Amino acid sequence: MGIVARQGAKAGIVLYVGVVLGALNNIWFYPQFLAPEQIGVFRLLLANEVFLATLFQLGAVGIVDKFFTFFKGTAQDKGAFIKFSLLYPLIGLGIFAGLYFLMPNLFLSAYQQKSPNIVKYYYVLPILVLLITYNGILMAFARAYFRIVVPQILENVLLRAIIIALLLLLSWQFITFDQFIWGFVGIRFINALILTLYLQKLIPGPINWKSWIPRAKIKEFVQFAIFITLGTTSGIIISNADIIMIGSYLGERDTGIYTIAFFIGTVVEIPRRAIAQISIPVISEAWKHNHLHIIKDIYQKSSVNLMILGALLVLLILFNVQDLFAFMPKGEVYQQGIYVVVFISLARFVDMTSGANHEILLYSKYYRFTLFSNLIFALMVIGTNAILIPKYQLNGAALATLISIIIYNFIRFAFLLWKFKIQPFNQKTLWTFALIGFTATIGYALSFIQIHPIINIAIKSIGITGVFIAGVWILKLSEDISLFVQKLTTSIKQRLK
């Protein structure tokens with residue numbers, strides 16, 4: 001099993017622990033202890049935090065991902081690059097602070113009418129933007145050394161575990177909702193501190209802090225950063241436009257309901273995050289040496305692996321979602337987001353079947369194309385949301401995401417096929433779809449069993465998972481998954497002995 005599969009598998013385990021904690025938050029603790037309006041305020045804060053940090057860090061994370069591999073050799077190069085990476089984002093953050101505090105109506109006018117409660121946290125947002133910016137940079141340095149597990153533990157396990165603790169304190173009336181928000185700020189700070197200490201041990205050899213990046217290289221960095229900023233900002237618009245626009249068009253309550261349903265649908269994409277995180281440095285290194293055969297191998301393996309994992313999760317979600325809403329607190333309130341779950345889970349599955357196409361394009365010589373395609377995608381998302389939200393409310397936002405992702409992935413697929421003659425699909429793709437159809441038939445048959453929501457979920461989940469995994473194993477659809485299962489089984493047997 002290659003390094004992508006090994007680190008991806010480890011990170012995947014961590015991510016799924018995080019998913020369990022996130023599921024507890026979104027399916028139980030948030031609905032139980034927060035009103036839909038409070039969930040909406042918290043989610044709007046997070047959406048704006050990510051969007052503004054991505055825009056005003058000016059591509060610093062992308063610079064680390066793409067160029068640090070060239071500066072890892074000597075103490076002088078490492079020191080110069082790390083120092084530049086930490087100082088450079090201050091330019092963008094300074095611009096943000098000036099705009100944010102000198103022209104407050106840029107932010108306030110969007111929410112004062114429909115989502116007035118978020119205005120109370122006007123001074124919280126810039127602190128979150130600062131912290132998430134440097135968290136992203138520190139995580140990029142860890143990725144450069146093929147270490148994604150510890151950062152993922154901090155981001156997906158520690159953060160969510162402390163959120164649960166804060167929610168419990170809130171439910172016991174030891175803290176207020178305002179203090180809950182400030183507690184979340186504290187979690188961001190703790191993560192940045194731990195990452196800093198981790199990197200001090202991770203980065204090998206001495207570091208010369210007196211050296212500086214040559215001006216010619218800075219120019220190259222900035223040119224790349226312009227494109228990466230526009231591209232990644234477009235990506236964040238794509239990911240958060242529905243939340244932001246629902247908050248502006250419909251209000252905090254609808255944002256809260258949409259957030260819960262959206263989370264359930266996005267569980268599908270968790271494996272993609274793990275594979276993408278560890279694929280970035282490998283793909284960057286392969287492009288450095290122009291090893292197209294490695295790129296093609298990553299493209300096809302990532303597609304089949306993610307399609308298999310995504311398909312299983314889509315089946316589990318779609319056949320269990322009604323019982324899930326019946327089980328969760330205030331499920332009758334959040335059940336109006338059931339079609340949001342359907343559209344979002346299908347959208348994430350489409351994205352996963354395309355494999356690591358985004359990362360391959362982003363770190364190739366055609367990285368400028370990612371800007372063009374992302375801008376098109378962002379415009380599609382904004383346009384379709386503006387049309388469909390007023391007409392179909394929450395379902396319109398989710399449908400807009402599905403339509404946009406289908407078109408976007410087709411554009412990337414066509415471009416890679418045209419320029420590099422590579423595409424992610426093969427005969428195993430057809431067999432995977434056949435297995436999906438067969439497993440869906442089993443899931444439909446099991447749906448007639450109606451006992452209790454938890455028992456229903458257990459029966460369908462065991463049946464669907466058993467049939468699907470057996471099919472993957474018998475048909476040998478994925479070498480990496482088969483090897484991982486084989487090693488895991490061997491390890492368990494040895495421990496039992």
Using alpha-carbon coordinates alone, the radius of gyration and Dmax of the chain in Å work out to 22.6, 70
So the compactness index of region 165-299, its C-alpha Rg divided by 2.2 N^0.38 Å, takes the value 1.50
Ranked from fewest to most other Cβ atoms within 10 Å of their own Cβ, ILE382, ILE308, ILE243 fall in the order ILE382, ILE243, ILE308
Per its Cα gyration tensor (rounded if a/c is under 1.5, else prolate when a/b beats b/c, else oblate), region 107-158 is best filed as prolate
Checking rank on 171-178, 362-369, 135-142, with mean other Cβ inside 10 Å and highest first, the result is 135-142, 362-369, 171-178
Dividing the helical contributions, -39500 (n - 2.57) per DSSP H run of n ≥ 4, by the residues of the chain yields a 222 nm value, nearest 500 deg cm²/dmol, of -27000 deg cm²/dmol
Taking 196-204, 348-356, 460-468 and ranking on average Cβ neighbours within 10 Å, highest first, one gets 348-356, 460-468, 196-204
Any DSSP H helix in the chain with Cα axial reach of 27 Å or more and mean Kyte-Doolittle score of at least -0.5? Listed by number, the hits are 3-23, 36-56, 124-144, 177-202, 215-249, 270-288, 292-327, 367-420, 427-446, 453-475
Checked against a 20 Å limit on the C-alpha separation, the offending pairs among LYS365/LYS419; LYS301/LYS428; LYS365/LYS421; LYS460/LYS493; LYS219/LYS296; LYS66/LYS217 are LYS460/LYS493; LYS219/LYS296
Taking a straight Cα-to-Cα line shorter than 17 Å from LYS72, and setting aside same-chain aspartates and glutamates fewer than 8 residues away, one finds GLU285
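Work through the residues other than LYS217 whose Cβ is under 15 Å from its Cβ and net out their charges, Lys, Arg +1 and Asp, Glu -1. The partial results should precede the final answer.
Working: positive: LYS66, LYS72, LYS78, LYS83, ARG215, LYS219; negative: ASP77, GLU220.
Net of charged neighbours comes to +4.
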Classified through the alpha carbon gyration tensor (a ≥ b ≥ c as square roots of its eigenvalues; rounded if a/c is under 1.5, else prolate when a/b is larger than b/c, else oblate), region 291-385 comes out oblate
Quick note, region 27-116: a/c under 1.5 would make it rounded; otherwise a/b > b/c is prolate and the rest oblate (a ≥ b ≥ c, C-alpha gyration tensor); here it is oblate
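Taking other Cβ within 10 Å of each residue's Cβ, how do LEU44, LEU87, LEU99 sort, fewest first?
On the way: LEU44 27, LEU87 10, LEU99 14.
If I rank by nearby Cβ atoms, fewest first, I get LEU87, LEU99, LEU44.
Read-outs throughout are calculated quantities, based only on the coordinates presented, and are distinct from any laboratory measurement. Quick caveat: nothing in here was measured; it's all calculated off a predicted structure. So basically every Cβ, Gly included, is an ideal-geometry build from the backbone, and we count neighbours across all protein chains shown.
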